[in-house]
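**Student:** I'd like to ask some things about the structure below.
The values are calculated or read from the model by the stated rules, or taken from the named source; none is laboratory data. Please read these numbers as outputs of a predicted model, since none were measured by experiment. Please note: Cβ atoms are built from the backbone with ideal geometry, for glycine as well, and neighbour counts cover all protein chains shown. The area values use the complete protein model at the heavy-atom level, side chains included, leaving out ligands, DNA and RNA. Shrake-Rupley method; radii C 1.70, N 1.55, O 1.52, S 1.80 Å.
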Amino acid sequence: MRDVAVVGAGMVPFGERFDQGMKELLPVTLANALASVDKGMERSEIQAAWFGQLQTSDGHPAGVLADSCGLLDIPVTRIENQCATGNDAVRNATLAIASGAIDVALVIGADKTRETPSVSTFWDWMGLARDRGWDYPLGLIAPANFALHVARYMHEYDVRPEHLAMVAVKNHHNAVTNPIAHLRMEVTVEQVLAAPRVVGPFGVLDCTPQSDGAAALLLASAEVADRYTDHPVWVRGVGLGLDRVMHAHKADMTTFPATTKAAKAAYSMAGIGPSDIDVAEVHDCFSGVELMDYEDLGFCERGDAKKLIESGATKIGGSLPVNPSGGLKAKGHPPGATGVAQCVELFEQLRGEACNQLDSPRWGLAHNIGGPTAVSAVTILEAPRG
Amino acid sequence: MSVAALSLYRPVWESRGQRVAGPDEDVLTLAVAAARPLAEQHPVARVVLLTSAPDVLEGFGTGVVARALGLGDAAPVELRIGGADAALGVLLEAAAGTLVVGVDLAPGSAAAGAALMADGGGILLSEAGSVHGSLPMRVRHAGAQLAAVYGDGRVERELATAPLVERLRGEGTTYVVGASPSEAKRLGAAPLPVPTRGPAGVFFALAALGSGDAAEGAARLVALDAASGRAADVSTTSVEVLRDERPGVPVAERPSITQPVEIPFSMPAYARAFEAKIGLIAATCECGATSFPPRQLCLECGETERTTPTPLARTGEVYTYVKVHVPIPGIAGPYGLAIVSVDDTTVRVLAQVADVGAREARIGERGQLVLRRVAVREGVPDYGYAFRSDVDAVEERKSA
Ligand SMILES: [Zn+2]
């Protein structure tokens, strides 16, 4: 397999984008990605595109991308894999280039979660991910889907609500200095704990906002990467993992087996382990999920996530900064765009261009877990050589 | 004819001393709540469900009742309309092995009672007369929310109840159901702790007579509805009475639907899930592994389609639990979701928590899986099991 490089990355600010539909968001995002290419890239040089979108808005996703971005003469494939959509799109494009079939690919992810009233959003989303006969009528909404895991996790490992709040405080803090973040405000542990309750251990400030947004990466084979940049970021590992779709069929809810499988595949492909990672953008749709991610991704032993967050190691400046962009929690979460945007952040971090720049990281990891906690995607990127 | 055993159920919600059904309770679930404890212990040949005001007329789930009670197709379930007098009539006429269920759903009198009939033993019932009159003091048309009421209780007493009780009165102590306790007292009847004037009241009356509260020896039970009445001589023999009546919780704490919304419904998906979901039936593989909801692919051995249906216990322990505080359109909230480890198996069940507001659930807590109307989707009631904790939150609050 050939090496694959990220040669460009761009996005639009996450938030409520009532003024822009898919047809407006996508071309702007593509233009931003093309503009980031050091030596320039023409739209016509893109040979294939993968479009990550969870919910359709403005109609047939692949067609809308091709039509609105002037990509009518290349194959466009829509990827939908719940919240793992973005990193799965990265994976598909990477494998296509690695295989030798193409040299230059666009990965773009976008969603507009605010296109329908929030009252119907609950049922729309449940309709995408729940069995119509069994789980759907019970009202297993997205936060409950994760909260059932986190409640058991907290019970088994004596994790306190304060530990969850520390995740929210950290990620909100990081978002303040990120101009494309949806929620750019500091919060305190006390505020998180006192916020109105949503589901189980999660209050409003433990939850991701509903965001609109889009993000794009331009991938190129090692053979042609130097046409575009002298500082390519390398896609070293991609992994996708799955798990049982019904909670009743999951044996141990204190872990996400989908994550451990995706991580194992990505680490093995990259030839590295968790201790090599210098920066991670992980799925923190709800504060407590980030703690479980630490363990499933191998950043600490089972049950030790609370010690990791207490130690400050995952803050900017710590030994393993997690979600320096603000994460889903504060940067925002338009599901199709989320994984791609994580890679945009890592692209900038690994090239020394990030808004919250870390001290010369070499290895970056992006991670999503989604659907009925049944699918996870992990991407591992390496900094430019030398 | 005799009553071998009785079972009584009242919803937990209380308003001015009276009980009110929960948002996930209806005639069907109240009937199952009362009948299930008897069906678990005794063979049942037939079910007669009597209520004065069915909430579903066409498409009433008699098949849901049969499966929730664990009965085969050989035990028919019949829905009848009638008041307290009709309920006593059914009890007098039912064959041995019949499970007679009376349900009242009206706010303020929500209750259900069930009786298992036998050929002797238990409470002996014998016919003691009937009167078929007509005094339409209350008339509610089908589909109408409110009844037209002739608002003069004295007229009702003078023209209907007093003459009726006079004609049906026995030699010994006479008890009346179908009238308020104060009205019964005014009519010269002995007092009985009966929470409703409807058909369920007869079962509560029999339970009182069969639990030593009544005077020794034979009693006359008169059941009234408007100007009709039925009377039975009742032996005050002690009989097994199963009671599911928890201390009341103010109805203000009852979950409610804040925003109605049409929840999409798929009939084929309902049909595929039906037998397992309503019967609480898992799939057991030849290798011994059990799954619920039933799976084609075994969780343990990976083989497909080697399973046989296995009814699950209705008891278990909470593996994990969350309360949903945020209002969800179309679901009465706040509501709870629990994953329950079912007794005697490795199976876990995802279920809503019953009566949130009256009782929470906690990880490790034990409880029952009870049939509830989980949702109404495009007009179709969707039944399933909810977890009801054994821990009584009211008692717990008192002792705390
Ligand atoms: Zn098996």
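**Student:** Taking into account only those residues within the stretch B:275-292 that are assigned to a loop (DSSP other than H, G, I, E, B) and within 10 Å of the ligand (Cβ to nearest atom), which is farthest from B:GLY63 (Cα to Cα)?
**Tutor:** Taking the stretch B:275-292 and keeping what is assigned to a loop (DSSP other than H, G, I, E, B), we get B:280, B:286-289, B:292.
Subsequent filtering for residues that are within 10 Å of the ligand (Cβ to nearest atom) retains B:286-289.
Details: B:GLU286: 29, B:CYS287: 31, B:GLY288: 29, B:ALA289: 28 Å.
Of everything passing the filter in the stretch B:275-292, B:CYS287 is farthest from B:GLY63 (Cα to Cα).
**Student:** Right, next: Can you tell me which residue within the stretch B:293-312, out of those that are more than 14 Å from the ligand (Cβ to nearest atom) and open to solvent by less than 60 Å² (accessible area, probe 1.4 Å), is nearest to the other protein chains (Cβ to nearest Cβ)?
**Tutor:** Applying the filter and picking the extreme gives B:PRO293.
**Student:** Which residue pairs have Cβ atoms under 7 Å apart, sit 6 or more places apart or on different chains, and have a first residue in the stretch B:267-288 that is over 17 Å from B:ASP343 (Cα atoms) and hydrophobic (A, V, I, L, M, F, W, C) and a second that is assigned to a strand (DSSP E or B) and more than 16 Å from the ligand (Cβ to nearest atom)?
**Tutor:** Cβ pairs passing all conditions: B:ILE278/B:TYR383.
**Student:** Take the conditions more than 16 Å from the ligand (Cβ to nearest atom) and more than 8 Å from every other protein chain (Cβ to nearest Cβ) and apply them to B:ARG272. Does it pass? Give the derivation first.
**Tutor:** On the way: more than 16 Å from the ligand (Cβ to nearest atom): yes; more than 8 Å from every other protein chain (Cβ to nearest Cβ): no.
Against the criterion (more than 16 Å from the ligand (Cβ to nearest atom) and more than 8 Å from every other protein chain (Cβ to nearest Cβ)), B:ARG272 does not qualify.
**Student:** To continue, here is another question. Is there a residue in the stretch A:103-115 that is small (Gly, Ala, Ser), open to solvent by 10 Å² or more (accessible area, probe 1.4 Å) and either in contact (Cβ under 8 Å) with a residue 24 or more places away in the chain or touching a Lys or Arg at 6+ places or on another chain (Cβ under 7 Å) (or both)? Don't jump to the end; show me each part of the working.
**Tutor:** Of the residues in the stretch A:103-115, the ones small (Gly, Ala, Ser) are A:105, A:109-110.
Filter once more, keeping what is open to solvent by 10 Å² or more (accessible area, probe 1.4 Å): none.
No, that holds for no residue.
**Student:** Tell me yes or no: at least one residue of the stretch A:15-23 is touching a strand residue (DSSP E or B) at 6+ places or on another chain (Cβ under 6 Å) and within 23 Å of A:TRP234 (Cβ to Cβ).
**Tutor:** The answer is no; no qualifying residue exists.
**Student:** Where in the stretch B:164-246 are there strands (runs of 3 or more DSSP E), lying wholly inside it, with at least 2 residues that are crowded, with 24+ Cβ neighbours inside 10 Å? Explain how you work it out, then say what you get.
**Tutor:** Details: elements: B:174-177, B:218-225, B:228-235, B:240-245.
Ranges flagged: B:174-177, B:218-225, B:228-235.
**Student:** Kindly provide the set of residues from the stretch B:43-59 that are modelled with pLDDT under 95 and open to solvent by 30 Å² or more (accessible area, probe 1.4 Å), ordered by number.
**Tutor:** Scanning the stretch B:43-59 gives B:SER52, B:ALA53, B:ASP55, B:VAL56, B:LEU57, B:GLU58, B:GLY59.
**Student:** If you go through the stretch B:287-297 one residue at a time, do you hit one that is outside the structural domain of B:LEU168 (by the TED database) and among the hydroxyl-bearing types (Ser, Thr, Tyr)?
**Tutor:** We begin by selecting, within the stretch B:287-297, every residue outside the structural domain of B:LEU168 (by the TED database); these are B:287-297.
With among the hydroxyl-bearing types (Ser, Thr, Tyr) added as a condition, the list becomes B:290-291.
Yes, some residue in the stretch B:287-297 is outside the structural domain of B:LEU168 (by the TED database) and among the hydroxyl-bearing types (Ser, Thr, Tyr).
**Student:** To continue, here is another question. Can you name the residue in the stretch B:275-292 that is of a type outside the set (D, E, K, R) and over 28 Å from the mean Cα position of the chain (by Cα) and, of all such residues, is nearest to the other protein chains (Cβ to nearest Cβ)? Give the steps one after another, and end with the answer.
**Tutor:** First pass over the stretch B:275-292, keeping only residues of a type outside the set (D, E, K, R): B:276, B:278-285, B:287-292.
If we keep only those that are over 28 Å from the mean Cα position of the chain (by Cα) too, we end up with B:283-285, B:287-291.
Working: B:ALA283: 12, B:THR284: 15, B:CYS285: 13, B:CYS287: 16, B:GLY288: 16, B:ALA289: 11, B:THR290: 11, B:SER291: 7 Å.
Of everything passing the filter in the stretch B:275-292, B:SER291 is nearest to the other protein chains (Cβ to nearest Cβ).
**Student:** Still on this structure, please answer the following. Pick from the stretch B:345-400 the residues that are in contact with a Pro (Cβ under 7 Å, 6 or more places away or on another chain) and among the basic types (Lys, Arg): which of them is farthest from B:PRO309 (Cα to Cα)?
**Tutor:** By that ranking, first place goes to B:ARG377.
**Student:** Just for strands (runs of 3 or more DSSP E) wholly inside the stretch A:161-263: which have at least 1 residues that are hydrophobic (A, V, I, L, M, F, W, C), within 14 Å of chain B (Cβ to nearest Cβ) and buried (at least 24 other Cβ atoms within 10 Å of the Cβ)? Lay out the reasoning, then the answer.
**Tutor:** Numbers: elements: A:197-199, A:212-221, A:233-242.
Correct list: A:197-199.
**Student:** What's the number of the only condition in (1) surrounded by fewer than 18 Cβ atoms within 10 Å (Cβ to Cβ); (2) at pLDDT below 95; (3) in contact with a helix residue (DSSP H, G or I) (Cβ under 6 Å, 6 or more places away or on another chain) that A:GLY59 fails to meet?
**Tutor:** (3)
**Student:** Is it the case that the stretch B:309-316 has a residue that's polar (S, T, N, Q), part of a strand (DSSP E or B) and under 26 Å from the mean Cα position of the chain (by Cα)? Write out each step before concluding.
**Tutor:** Applying the first criterion (polar (S, T, N, Q)) to the stretch B:309-316 yields B:310, B:315.
Within this subset, residues satisfying the condition of being part of a strand (DSSP E or B) are B:310, B:315.
Still in the running and under 26 Å from the mean Cα position of the chain (by Cα): B:310, B:315.
Within the stretch B:309-316, one or more residues are polar (S, T, N, Q), part of a strand (DSSP E or B) and under 26 Å from the mean Cα position of the chain (by Cα).
**Student:** Further question: Count, please, the residues in the stretch A:349-373 that happen to be touching a strand residue (DSSP E or B) at 6+ places or on another chain (Cβ under 6 Å), farther than 13 Å from A:ASP278 by Cα and assigned to a loop (DSSP other than H, G, I, E, B).
**Tutor:** Selection size over the stretch A:349-373: 0.
**Student:** When you scan the stretch A:264-279, how many residues do you find that are over 18 Å from the mean Cα position of the chain (by Cα) and open to solvent by 50 Å² or more (accessible area, probe 1.4 Å)?
**Tutor:** Total meeting the criteria: 5.
**Student:** Related question: Which residues, counting only those in the stretch A:223-260, are closer than 25 Å to A:ALA129 by Cα and touching an Asp or Glu at 6+ places or on another chain (Cβ under 8 Å)?
**Tutor:** Filtering the stretch A:223-260 down to residues closer than 25 Å to A:ALA129 by Cα leaves A:238-260.
The answer is A:LEU240, A:VAL245, A:MET246, A:HIS247, A:LYS250, A:THR254, A:THR255, A:PHE256, A:PRO257, A:ALA258, A:THR259, A:THR260.
**Student:** List the residue pairs whose Cβ atoms are under 7 Å apart, where the first residue sits in the stretch A:130-148 and is more than 17 Å from A:MET253 (Cα to Cα) and in a helix (DSSP H, G or I), the second is of a type in the set (Val, Ile, Thr) and open to solvent by less than 10 Å² (accessible area, probe 1.4 Å), and the two are 6 or more positions apart or on different chains.
**Tutor:** Between residues of the stretch A:130-148 that are more than 17 Å from A:MET253 (Cα to Cα) and in a helix (DSSP H, G or I) and residues that are of a type in the set (Val, Ile, Thr) and open to solvent by less than 10 Å² (accessible area, probe 1.4 Å), the close pairs are A:PRO137/B:ILE263.
**Student:** OK, next. Scan the stretch A:25-56 for residues that are among the aliphatic types (A, V, I, L, M) and either in contact with a helix residue (DSSP H, G or I) (Cβ under 8 Å, 6 or more places away or on another chain) or surrounded by fewer than 19 Cβ atoms within 10 Å (Cβ to Cβ) (or both) and jot them down.
**Tutor:** As a first pass, look at the stretch A:25-56 and keep what is among the aliphatic types (A, V, I, L, M): A:25-26, A:28, A:30-31, A:33-35, A:37, A:41, A:46, A:48-49, A:54.
Matches in the stretch A:25-56: A:LEU26, A:VAL28, A:LEU30, A:ALA31, A:LEU34, A:ALA35, A:MET41, A:ALA48, A:ALA49, A:LEU54.
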